[in-house]
């Protein structure tokens with residue numbers, strides 16, 4: 001493989017590789033294709049954002065249903081997603097639902 005820029009990572013997650021193989025198959029029906037794109041986007045987002053984000057304690061205390069107290073932690077960065085073409089739009093749906101602190105920028109190009 002040719003050398004890639006430092007900010008490009010290739011996923012070696014076993015679930016990602018397996019689902020990508022199913023997505024590539026010509027025999028995968030459209031309904032399953034949409035579900036696979038959703039699942040792949042969750043795996044990719046989790047891997048990518050796991051490296052980029054950090055959490056900080058807010059100073060607040062929370063209490064679990066069992067009465068145990070804990071320090072509340074929140075993500076400190078804001079991330080913007082810009083989907084590229086139809087594939088990006090399909091992946092956006094799963095990512096936004098999983099990471100509610102993300103912002104997305106919608107772009108439309110009309111010819």
Kindly list, by first and then second residue, each pair from a residue in segment 23-38 that is modelled with pLDDT under 95 to a residue that is assigned to a loop (DSSP other than H, G, I, E, B), limited to pairs with Cβ atoms under 8 Å and residues at least 6 apart or on different chains. 36/28
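Using the structure shown, decide if residue 95 is surrounded by 14 or more Cβ atoms within 10 Å (Cβ to Cβ), within 25 Å of residue 7 (Cβ to Cβ) and at pLDDT below 90. Walk me through how you get there before you give the answer.
Numbers: surrounded by 14 or more Cβ atoms within 10 Å (Cβ to Cβ): yes; within 25 Å of residue 7 (Cβ to Cβ): yes; at pLDDT below 90: yes.
Yes, satisfied.
Using the structure shown, decide if residue 28 is surrounded by fewer than 14 Cβ atoms within 10 Å (Cβ to Cβ) and not in a helix (DSSP H, G or I).
On the way: surrounded by fewer than 14 Cβ atoms within 10 Å (Cβ to Cβ): no; not in a helix (DSSP H, G or I): yes.
When the stated conditions are applied, residue 28 does not pass them.
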In segment 66-76, is there at least one residue being modelled with pLDDT under 80, on the phi < 0 side of the Ramachandran plot and in contact with a strand residue (DSSP E or B) (Cβ under 6 Å, 6 or more places away or on another chain)? yes
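The values are calculated or read from the model by the stated rules, or taken from the named source; none is laboratory data. From a predicted model like this one, the values you see are computed outputs, not experimental measurements. Note: ideal-geometry Cβ built from the backbone for every residue, glycine included; neighbour counts use all protein chains shown.
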